[in-house]
Amino acid sequence: MNTKRKRIAIFVGQADEEYQTNFITGFITSAFGYDMDVCVFSMYRKYQNTVRREKGETNIFSLFNPAVFDGAVIIEDTIQTAGEADRLEEKLHSTFRKPVIVIEKDSKYFESIFTSCHAGIVKLVSHLIEDHGCRDIAFLAGKKWHKHTRERLQAVRDALKQHGLSLPKSRIIYGDFWYQSGELCADTLIADGKLPDAVVCANDAMAIGLCKAFEERGIKVPDNIAVASYDSLFEGRSSPKPITSCFIPSREFGNYIAGVMKDRFEGKDSEPFKTEAPVFYGETCGCTVKESVSESIRRKEWDTVLSEEGFASVNNMMADDLMMQNSIEEFMGTVYSYAFQIKGVKSFHLCLNEWWQRKDTVSMNRGSSGYPERMIHAVRYNSSRLDGIAGLDQTFASKDILPGLDSERDEPSALFFTPIYNEDDSFGYAVVEYDIPRCYDETFRNWIGLVGRALGNLKRTIALQFAEEQLERLRSSKFAALNAAFEKLSDEERADYELVGQILDKNLFIYHFQPIVNTVDGEIYSYEALMRTDSARKVAPLSVIKYADMQSRLQDVEKATFFNVLRIIDKEREALGDSKIFINSIPGVKLSDEDLETVEGYLDRLSNTVVIELTEEGEMDDSDLERLKELFRKHNIKIAVDDYGTGYSNVSNLLRYMPNYVKIDRELLSEIESKPQKQHFVKEIITFCHDNDIMALAEGVETSEELRTVIHLGADLIQGFYTGRPQACFITQIDSDVRDEIASYHREVITGSSEHKYVAGKTNRVALASMEKNNCTEIVVGQGAMIYKDITIFGAPGVKSNVHIRIEPEYAGCITLENVYLSNTREKPCIDIGENADVTLVVTGENTLRNSGIKVPESSRLTVEGDGNIKFDLYSTTFYGIGNQQDAATGELIFMLSGTVEISCRGAEGVCIGAGLGGKITIKSGKYILELSAHTATGIGCLSGNADISIDNCNITVDMNAGNGCCIGSIDGCAGIDIARCSLKVSGDGTDIVCIGSLNGERTDVSVDISGVFISVSAVRGTGIGALNGATSINASSSLLKTDISGDDAFAMGGLTKDQHLTIRKCDLKWNVNNKDGRDCLAAPEDFVMINSRGSFSVNGETFEREGQFE
C-alpha cells in the first residue's frame, strides 16, 4: 500500500441522491486537499422492494478489505435495508481497528456526528411569521421515533415560542418522510375544519406531496395556505411553485467530516460543526421567487446527449446490443464500446466473478454472498481510450479490490464501487474513478443497472447453450465408449453387445464414402471412409466403438478399418485417380507388429492416396505421437487432425502434430453465419493453417448459410451432408446445383460481392460489435445523403472483427477510429479511400489493421491525427501500410498525431508508408515503429517513383531485413528528404540497403537539422545517408549522426559515385565502418565540409581525423 497517502472508505445507499452527492463531493474535496484517496461503496437505492434484490445490492459492502483502508465513514441513515447498517457496524467493529465515523445516526460502537437543523428551521418559521403574518402553523413530521423528527419538531416549537406562539398537538401530523405523507396531512387538516395559516414540513418530499394534495382538493398554495420545508432538493426548487425550504449544509458537512478524519489520524480533537444554513425562498410561502433555478439546467459543455449519442439519446442502441449477445466475450466488448456514455470519469472498470470464464461454472454458480477469491478484470475503460481491456484473460485477487489500487499516483483519486447483480445473483461489481471531487450520477446508475440486467439474460443464455452442447457431445463424440458396465445394460443393449462381438469375429464391416470437395468449383478432392455394419440388424458406429471397448477389442476395430479400407483403395486405385481417402485411426490403439507390417505394405503402394485422421479427443503422449509421425513420414503418408476446435485443441498441440490437413469440428460451424465469435475463431484457425501450409477442411456443413460462410472465411475443403452424404460407392461428382452454389460463393470472395454493407451516416457512432452481429463486413462512408458526415467507428480492446471501411469518392470529413480491429483479405485494403477525397483520420485508443492497410489514391489526401495508437499487421506477397500499391502513387499523406503508428510487414515487395510510384509525405509529430521483412521494401517513401518526404518533431524506428531496401526514401527514384527535430533509429540487414536516401535513383538531397540519427547496417552494398548509385547532397546541422555499417561496399554517407556534396555544421559525428574499400565516404575532401563540428571516425578498426573548419 502507498504509505504516503491515506485511503478512506465511505459506505452509503443511493450515492447519486442530492444529499449524499453533496456530502460525498464535499468530503472528497477536503480529502483531496489532505492528499487522501476515497473509495465509496454504494448501493444504488437506500432499500429494495424484495429480499432477493436486497441481497444482490448489499453484497457490495462485503468487498471491503480492512487491510486496504485507514479509516471509514458510514452514512448510515441512507442504508435502509433491514439490518444491513447494523451488520456493517458489527463487521467493522470485529475486523477494523482504525477510525470509523457514523453520520446522522447513533452508533453502538463508533463516533457519531450529526448536522443540526435548529437554526435553519428557526429561520424558516420566523420568515413565515414575520414576513407573511402566519400565526397558526402546523408541522408535518417524519417518523415519530426518528432523531431528525424530534430535532425538527423541537426547532419549530422553539421558533414559535420566540414569537409568543405555541404548537398544539392537533397541529402535529406524523408521516414517514415520503410523498404520500402529504396526502395524509392534507386530509387530516381539512377534517379538522379550519386550515392553519401555514404548514412546515420535515422534508421536501412530504412538502411536494402536500402541495399536490391541496391542489387536488381545491386548496390553493400559497393563497389559501402557505407551505415551507427543510432539506431543499432540486425537485422542490423546480416544482410548479418552487418550495420555500432550508438547505441542509451537506457539502459543508462532508468537508467537515474529512477534516475530522484527518484529526483522528493525527490524534486531535475537532471543533463542533457550525455553518450557516441558507434558505431558498420560493413561492409556496407567498414570496415572489427571489432565486432562479434556471442555471441548474445549463450544460457545462456544448455537446448534447443527442449529438454525442449519450445514454439518454433516442439513438442509443445499448440495450438492444447487450441483449442480443450470446457470449461473455462479445458482451464485454459491447459494454466497453458504450463506456464513453459515462461522462466525466477518469476510468471505468467491470470486475466479474471468476466463474464467468467457463460455461459449465456460469450455469452452476449463483453468487449472493461475498465475492470469490479471484475476480476477472473484464473491462477497463480510460478516458484517454488507451490501455483498455475487454475480455476474460486478466484476473486478480478480490482482496486487492482493484488492480493498480496501490500503484503510485501523483494525485489522489476517488473510486466508487457498485454491485453488478440480477435479483440475488451477484455477478461482480463496477468501479468508476474520478480525479475531481464529484459523485456518480443518475445516468451511471441507469447505465450500469442495464448492464446487470443484460448479464442476467446472458447467464441464462449461456446455461442453455452449455446444456445443448453437452447433449450434442453425447450424440456426436466419435470415440466416447462411456466405459459402461455390462450389468447396467438393458436387454436391447446386451443384444447389441453380443452382436458387436460377432461382427468383429466375422469382420462384418462395409464402408461408405463421404465426398470432400474443394471450395473453388465443388469438384471432389477426396473421400472419408465411414464404417457401417454388414449384419442383419445394423449397429451404429458409435455403438460398435462402445461395445468393442467394453470387450477390450478396439485393436480389432482398428485392424478391420485399415485392412478393409486399404484393400478397397488398392482395388479401386484406377477409378480413384488423384482423389484421396481419409481413414480414421482410434487414438492410443496400436496394431500388432504382424498387422502393422501388412498395413505398411499397403501404405507403400498407396502413399499418394491415403490420409490418416488423428483425433485430439484422446491426446497421445509425445513418444506415441512421434512413433506414428515417423511411420507416416517413412511411407510419405499425409496426416489430418480431426475434430479441431474442441477438447484438447490449441495451437501448441496442433504444432505437435504438424498435419497436412485440419478438420474444423462441426461444433464450431453450426449456425456460424449468425455467430461472430465462431467466425473469428474459425478465421484464426484458417489463417494459421494457411500460414503453415496446412489445408483447412470445414467438417459437418449442413446448410447453405454455413457453406457460404466457411467459403468466405477461406476454407479450402468442405465435407458435410449439404455437399454430399456418405455413399456405398465412390461418386464422381456432387449435385450440380451445390457445385454451382460453391462456385458462386467463391466468385463472391474473389470479386468482393459477398460483403454485407452498412452505409454510415444515420448516426455519428458506428459500433463494430453491431456490424459483426449483423454480418456486415464493410462500412461505407460518404454514400448518399448522410445525416452525419463526421463518423466515429468504435470497438473494444482485443475484440477482433472482419470489417473493413470504404470511403466514397469526393468525401470530405473526419473519421475517428476508437479501439477498432479491422481486417480484410490480403489483396484488399482495410480502409479504402475513394478518388478526390479529403479525409481526416483521428486515432484514439488502441487500433489494429490486419492483413492490409489504408489505400490513398493519388487524387486524394489523408491527414492522420489523434492521441491514440494504430498498428498494422501485414503479411502478403505485396503490401502497403498507409499509401498505395506498387504500380500507383499515393495521395498526400500528412501525419499530425501524438500517438504511435506501428507497422509490421512480411512479403515480397512493399512499402510501410508511401507507394510504389511516390507521393508527398509530411510527418509533423508522433512515434513510428516500422518492421519490414521482404525482398524489396521501403519503410517511408516509395519503390520506383521520386520520394518527397518531410519529417519534423517525431520519433521514428525502422528495422529492415530485405534483399533491396530503403528505410526512408526511394529504391529506384530520386529522393528529397527534410528531417528536423527528430530522433531516428534506422537499421537494415540485406544485400543492397540504404537507410536514408535512394538505392538506385539518380539523385538524393537530404537535410537534417536538430536531430539525432542512429544508423546500423549490415549489407553487401549500402549507405547510411545518400544515393548508393547516384548523386548525393547532404546538409546537416546541430545534430548527432551515429553510424555503424559493414559490408563489401558499405559507406557512412554518400554512395558508390564521386558526385557527392556534404556540408556538416555544428554536428557530432560517430562513424564505425567496415568495408573492402577502406574509406568511410567516397566524397572528395573539398566536397566534405565540416564546420564547427567534431567527429569520431573508424574504418576497419582504425580511427582517423577529418579536418574541419571553425568559425
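Just so it is clear, none of the values below were taken in a lab; they were calculated from the coordinates. All of these numbers come straight from a predicted model, not from anything done at the bench. No Cβ is skipped: glycine too gets one built from the backbone with ideal geometry, and neighbour counts run over all protein chains shown.
Restricting the calculation to Cα atoms, region 1059-1102 yields a radius of gyration followed by a Dmax of 11.0, 30 Å. Taking amide hydrogens as placed 1.01 Å from N in the peptide plane, the amide H of Ile10 sits under 5 Å from those of Cys39, Val40, Phe41, Val73, each at least 5 positions away in sequence or on another chain.
Can you give the FRET efficiency to the nearest 0.05 for Thr1057 and Ile1091, using r as the Cβ-Cβ distance and R₀ = 22 Å?
0.40
Beta-bridge orientation, region 944-1111: approximately 5 percent antiparallel, per DSSP, counting only bridges with both partners inside.
What's the ranking of 4-15, 938-949 by average number of surrounding C-beta atoms within 10 Å, highest first?
On the way: 4-15: 22.4, 938-949: 26.7.
Going by the mean number of other Cβ atoms within 10 Å, highest first, we get 938-949, 4-15.
Scanning residues 5 or more positions from Asn422 or on other chains, those with amide H under 5 Å from its amide H are Phe427, with H placed 1.01 Å from N in the peptide plane.
What number comes out for the charge environment of Glu846, summing +1 per Lys or Arg and -1 per Asp or Glu over other residues with Cβ under 9 Å away? It would help to have the intermediate numbers written out before the result.
On the way: positive: Arg385, Lys871; negative: Asp387.
Residues close to Glu846 contribute a combined charge of +1.
Output the antiparallel fraction of DSSP beta bridges having both residues in the chain, as a percent to the nearest 5.
On the way: 44 of 276 bridges.
Here the antiparallel bridges make up roughly 15 percent for the chain.
For the residue pairs Lys346/Lys762; Lys105/Lys144; Lys6/Lys262; Lys4/Lys105, the C-alpha atoms sit more than 20 angstrom apart in Lys346/Lys762; Lys4/Lys105.
So which trypsin sites (Lys or Arg not before Pro) in region 181-228 end up in coil per DSSP with only 12 or fewer other C-beta atoms within 10 Å? List each step's numbers first, then the result.
Details: sites: Lys194, Lys212, Arg217, Lys220; in loops: Lys194, Arg217, Lys220.
Hits after loop and neighbour filter: Lys194, Arg217, Lys220.
For region 528-594, the calculated P(r), taken from all Cα-Cα distances in 10 Å bins from zero up to the bin holding the longest distance, is 18, 47, 28, 7 percent.
Size of the dipole of the chain about the Cα centre, Lys and Arg at +1 and Asp and Glu at -1 on the beta carbon, nothing else charged, in debye to 20?
Working: 119 positive and 166 negative charges, 692 e Å.
So the magnitude is around 3320 debye.
Dipole magnitude for region 944-1111: about 320 debye, using +1 per Lys or Arg Cβ and -1 per Asp or Glu Cβ, origin at the Cα centre. For Asp838, nonlocal amide neighbours, meaning residues 5 or more places apart or on other chains whose placed amide H falls under 5 Å from its own, are Tyr811, Ala812, Gly813, Arg861. With the cut-off at 19 Å, report for region 923-1009 the share of all Cα pairs above it, as a whole percent. Counting every Cα pair in region 923-1009, those more than 19 Å apart make up 31 percent. Per residue, the average separation of C-alpha pairs within less than 8 Å and at least 6 apart gives region 944-1111 a relative contact order of 15 percent. All other residues whose Cβ lies under 11 angstrom from that of Phe794 are scored, Lys and Arg at +1 and Asp and Glu at -1, for a net of 0. In summary, the aspartates and glutamates within cross-link reach of Lys147, defined as a Cα separation below 18 angstrom excluding same-chain residues under 8 places away, comprise Glu76, Asp77, Asp86, Glu104, Asp106, Glu111, Asp158, Asp176, Asp204, Asp231. Dividing the mean sequence gap of close Cα pairs (under 8 Å, 6+ apart) by how many residues the chain holds gives a relative contact order of 5 percent.
Looking at the P(r) of region 857-899, how many percent of alpha-carbon pairs lie beyond 18 Å?
Details: 354 of 903 pairs.
So the pairs more than 18 Å apart make up 39 percent of the total in region 857-899.
Note on region 944-1111: the C-alpha convex hull projects to 8.0 nm² when averaged across all orientations. Checking every one of the chymotrypsin sites (Phe, Trp or Tyr not before Pro) in region 73-155 against DSSP loop status and a limit of 10 other Cβ atoms within 10 Å picks out Trp145. Loop-resident trypsin sites (Lys or Arg not before Pro) (DSSP state other than H, G, I, E or B) in region 1005-1066 with no more than 14 further Cβ atoms inside 10 Å of their Cβ: Lys1058.
Excluding Arg445 itself, what net charge comes from residues whose Cβ is under 12 Å from its Cβ, given Lys and Arg +1 and Asp and Glu -1?
Details: positive: Arg45; negative: Asp16, Glu17, Glu57, Asp441, Glu442.
After counting each charged neighbour, the total is -4.
Each residue of region 805-813 was assigned a 3J(HN,Hα) from its phi angle through the Karplus expression (A = 6.51, B = -1.76, C = 1.60, θ = phi - 60°), giving 10, 10, 10, 5, x, 6, 5, 10, x Hz with x at Gly and Pro.
Using helices alone, what [θ] at 222 nm do you get for the chain, with -39,500 (n - 2.57) per DSSP H run of 4 or more residues, divided over all residues and rounded to the nearest 500? Display every interim value, and only then the final one.
Working: 25 runs with 302 residues, N = 1111.
Helix contribution divided over all residues of the chain: -8500 deg cm²/dmol.
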